[in-house]
1. Express in nm, to one decimal, how much length is gained between residue 329 and residue 294 on full extension, taking 0.36 nm for each residue of separation and deducting their alpha carbon distance.
2. So how tilted is helix 182-195 from the main axis of the chain? Cα-based, degrees 0 to 90, rounded to 10.
3. Which angle between 0 and 90 degrees, to the nearest 10, do you get for helix 139-164 versus the longest principal axis of the chain when only C-alpha atoms count?
4. How many lysine pairs does segment 136-365 hold where the Cα atoms are under 21 Å apart and the two sit 8 or more places apart or on different chains?
5. Restricting to segment 1-126, compute how many DSSP beta bridges are antiparallel as a %, nearest 5.
6. If I build a Gaussian network model for the chain, linking alpha-carbon pairs within less than 10 angstrom, which residue out of 38, 254, 139 has the largest mean-square fluctuation?
7. Under 17 Å from a label point 7 Å along Cα→Cβ of residue 125: give me every residue in segment 83-106 with its amide N that close.
8. Run the paramagnetic zone check for residue 23: 7 angstrom along Cα to Cβ, then residues of segment 229-256 with backbone nitrogen under 19 Å.
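Nothing in this text is a laboratory measurement; each read-out follows from the coordinates by a stated rule. The structure presented is a predicted model; accordingly, all values stated were derived computationally and were not measured. Here the Cβ is made from the backbone with ideal geometry for all residues, glycine too, and neighbour counts use every protein chain on show.
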Amino acid sequence: MDALDSAIVHSGSEAYVAIGTSQDADIRYLTQFSTTDPIVYIRRRGEQGCIIVSQMECDRAQRESNAVVISRAQAGLLEILKDENDRWRALARMIAGLVRGTILVPPQFPHALARELGTMCRLEVDRAALAGMRAVKSPREIENIRRVQVATEKAMERGIAMIRKSRVKSGFLYQGAVPLTSGMVRGAMHQVLVRNGCNASGTIVSCGEESALPHLTGEGHLKADEPIVIDIFPHNEQTGYYSDMTRTVLRGEPTIQIKEMFRAVRDALEMAAGNIRPGLTGAEVYQSVVDLFAERGFESGREGFVHNLGHGVGLEVHEAPSLGPSGEELYQGNVVTIEPGLYFSGIGGIRIENTGVISAEGFTSLTRFPMCLDL
């Protein structure tokens with residue numbers, strides 16, 4: 001009995017039910033099926049899950065999915081639609097007819113469907129079981145993430161090479177006679193990702209004052225002698241799995257303060273990576289970095305270290321577990337980021353981020369890229 005089946009039993013439910021496209025990470029995880037057409041997933045207690053798909057998707061679903069596949073006609077939906085105009089009520093009638101009992105649903109279950117289904121049966125919400133299952137990765141999932149990380153490093157190398165080879169003129173960076181901008185670096189990295197079967201959006205290339213805001217995307221002409229934070233979190237188009245990586249670089253001469261910030265962030269990452277092991281909580285690992293920064297004279301609050309230390313990575317770029325103030329217990333098989341950072345207005349930001357696997361021995365980094373800063 002896995003965690004989801006246990007949750008079904010302990011909630012007094014007959015089945016777990018979810019609905020969505022494969023853009024919903026839970027659906028993708030449960031079905032191993034990629035589709036832009038909404039499907040219904042039903043897993044009765046003690047049984048294999050099944051998906052209800054359109055007739056045109058049946059053959060492909062049977063080839064790709066790990067679930068039993070039935071068509072909407074076989075599930076009775078087409079007959080229900082003959083006398084039911086409301087789509088949500090029709091779906092509710094189909095599900096209630098197939099399950100006949102209390103139903104366990106995910107937190108993101110559609111409200112309109114829940115209202116209709118609630119008139120026919122009792123609903124319970126699963127807040128932890130599936131998230132916990134997804135947080136512990138199988139060897140196949142770890143390999144999928146590793147492959148994305150390889151592509152991520154190729155893209156990062158392309159972006160950093162553009163900065164490294166740039167020409168400095170009047171405090172700004174140029175590619176030949178052309179101003180080197182955040183957008184140019186971002187676009188070049190995205191091209192590398194596409195060639196490697198991956199895609200990314202929201203990639204951060206922020207320079208100087210911009211880099212003091214951790215998630216500012218960054219725009220405009222890149223400057224010399226100022227930190228440039230590059231944060232890229234692509235996913236593989238075929239598998240759906242993500243990786244996540246950040247490097248901070250600087251073309252020119254860093255100030256003493258920037259050098260001290262970089263050393264503190266690098267040391268914090270290395271310390272956390274050396275300490276992480278199953279049984280610790282994310283909160284404990286986070287606090288150890290807060291303490292290290294405090295020893296180095298860097299605060300954690302409105303400025304300084306202003307975000308969590310890390311997060312789980314999988315079919316979503318941010319998922320369980322958390323390495324933050326309320327971080328839960330860590331388990332063997334978790335794939336997490338470690339991303340300490342320091343940010344100060346008027347100076348800029350420094351962040352370094354690696355992705356890795358928690359094993360019985362500790363943290364094994366999937367990231368093989370140099371730490372950077374001076375170029």
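1. Between residue 329 and residue 294, full extension yields 10.2 nm more.
2. With rounding to tens, the tilt is 50 degrees.
3. 30
4. Pairs that pass both the separation and distance tests number 4.
5. Bridges in segment 1-126 are about 50 percent antiparallel.
6. Fluctuation is largest for 139.
7. Under cut-off, by backbone N: 103-106.
8. Those under the cut-off are 234-242.
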